[in-house]
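Visitor: My questions all concern the structure below.
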Amino acid sequence: MRDAGRVAANVRVQLAKAIAPGMTTQELDLIGRDLIEQAGARSAFIQYPGPRGVPPYPGYTCISVNEEVVHGIPGDRKIQLGDIVSIDVGVVYKGFIGDNAMTVCVGVTDPNVLALVRWAEQSLHNAIEQAVAGNRLTDISHAVESTVKPQGYGVVRDFVGHGVGRKMHEPPQIYNFGPPGRGPLLKEGMTLAIEPMINLGTHDVETLDDGWTVVTRDRLPSVHVEHTVAVMEGKAEILTLPDV
Ligand code: MF3
Ligand code: CO
């Protein structure tokens, strides 16, 4: 899990550095494909089965721009100055999954949107601090909500973080809201993908006709950040940190 996490993180950061205005999300995804291949890994996303009636996921990565929350299908949308771009990278490496995401500001972004990005990052880090042995699962959930609620942001309720291991989506589901102190006890060695999705406006989201791309109902921007972490005694270990 450490090796898979490191590979996923390296690809995430290299992909973030490749973002430039004028580029399409499809071009970015193909760079992601190449980076994953060069690392000796496979995309955990491509051909991932969709819900009933939805074709499998067609991208190597997920690229979600502005009002797109998660699962943005790469295509001919051009990235523009001032956009925020969420890149989600999941890899299979030596039989294990590393899953991580970050949101990048392209050029000068509206200060209110920049603040949204920073608060979402803070919520992820506060959540990770709760991923220690002896805590309960929803201590993680509560940390996300309690970090961003005072700012008036919307916490997405329809999508969750998850256990991760040899498969991308393992139990438990990790909600990003709710009371603390509930759910299973956390034990050393559990590996979790914690992924807050935080909206500038309403928490309500909808899925576009492509069956995958999730957008905010009010079309205001949304931020998605994710780490794969290992529960440990005293302090969680973030597995998706890059080498540099
Ligand atoms: N990080 C995302 C998740 O945990 C990415 C999944 S995209 C998919 O759900 F296409 F593979 F589903
Ligand atoms: Co995930």
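The values are calculated or read from the model by the stated rules, or taken from the named source; none is laboratory data. As the structure is a prediction and not an experimental result, all values here were calculated from the model. Cβ atoms come from the backbone with ideal geometry, glycine included; neighbour counts cover every protein chain shown. Quick note on the areas: whole protein, heavy atoms, side chains included, nothing else; ligands and nucleic acids left out. Shrake-Rupley method; radii C 1.70, N 1.55, O 1.52, S 1.80 Å.
Visitor: Among the residues of the range 149-183, what is the count of those that are farther than 24 Å from Phe96 by Cβ, open to solvent by 40 Å² or more (accessible area, probe 1.4 Å) and among the aromatic types (Phe, Trp, Tyr)?
Guide: The number of residues fulfilling the criteria is 2.
Yes/no matrix, rows are residues, columns are (1) over 14 Å from the mean Cα position of the chain (by Cα); (2) assigned to a strand (DSSP E or B); (3) within 16 Å of ligand 2 (Cβ to nearest atom):
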residue: Phe159; (1), (2), (3): no, no, yes
residue: His162; (1), (2), (3): no, yes, yes
residue: Lys167; (1), (2), (3): yes, no, yes
residue: Pro172; (1), (2), (3): yes, yes, yes
residue: Phe177; (1), (2), (3): yes, no, no
residue: Pro180; (1), (2), (3): yes, no, no
residue: Gly183; (1), (2), (3): yes, no, no
residue: Lys187; (1), (2), (3): yes, no, no
residue: Leu192; (1), (2), (3): no, yes, yes
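Visitor: Taking interchain pairs and intrachain pairs at least six residues apart, which have beta carbon atoms under 6 angstrom, with the first residue in the range 149-173 and of a type in the set (A, V, I, L, M, F, W, C) and the second open to solvent by 90 Å² or more (accessible area, probe 1.4 Å)?
Guide: These pairs meet every condition: Val160/Gln173; Val160/Tyr175.
Visitor: Out of curiosity, is Thr103 away from ligand 1 (no atom under 16 Å from the Cβ), closer than 23 Å to Leu28 by Cα and either under 13 Å from the mean Cα position of the chain (by Cα) or polar (S, T, N, Q) (or both)?
Guide: It is false that Thr103 is away from ligand 1 (no atom under 16 Å from the Cβ), closer than 23 Å to Leu28 by Cα and either under 13 Å from the mean Cα position of the chain (by Cα) or polar (S, T, N, Q) (or both).
Visitor: Is it the case that some residue within the range 198-216 is within 16 Å of ligand 2 (Cβ to nearest atom), open to solvent by less than 40 Å² (accessible area, probe 1.4 Å), within 23 Å of Val92 (Cβ to Cβ) and touching a Pro at 6+ places or on another chain (Cβ under 6 Å)?
Guide: No, there is no match, as no residue in the range 198-216 is within 16 Å of ligand 2 (Cβ to nearest atom), open to solvent by less than 40 Å² (accessible area, probe 1.4 Å), within 23 Å of Val92 (Cβ to Cβ) and touching a Pro at 6+ places or on another chain (Cβ under 6 Å).
Visitor: Any residue at all in the range 45-65 that's assigned to a strand (DSSP E or B) and within 21 Å of Trp119 (Cβ to Cβ)?
Guide: Yes; the residues of the range 45-65 include at least one that is assigned to a strand (DSSP E or B) and within 21 Å of Trp119 (Cβ to Cβ).
Visitor: Please go through the range 28-42 and give me each residue that is assigned to a helix (DSSP H, G or I) and either of a type outside the set (Lys, Arg) or in contact with a Lys or Arg (Cβ under 8 Å, 6 or more places away or on another chain) (or both), ordered by number.
Guide: Within the range 28-42, Leu28, Asp29, Leu30, Ile31, Gly32, Asp34, Leu35, Ile36, Glu37, Gln38 meet the criteria.
Condition check ((1) more than 16 Å from ligand 2 (Cβ to nearest atom); (2) in contact with a helix residue (DSSP H, G or I) (Cβ under 9 Å, 6 or more places away or on another chain); (3) within 22 Å of Val215 (Cα to Cα)) across all residues:
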position	(1), (2), (3)
Ala39	yes, yes, no
Gln80	yes, no, yes
Val104	yes, yes, yes
Thr109	yes, yes, yes
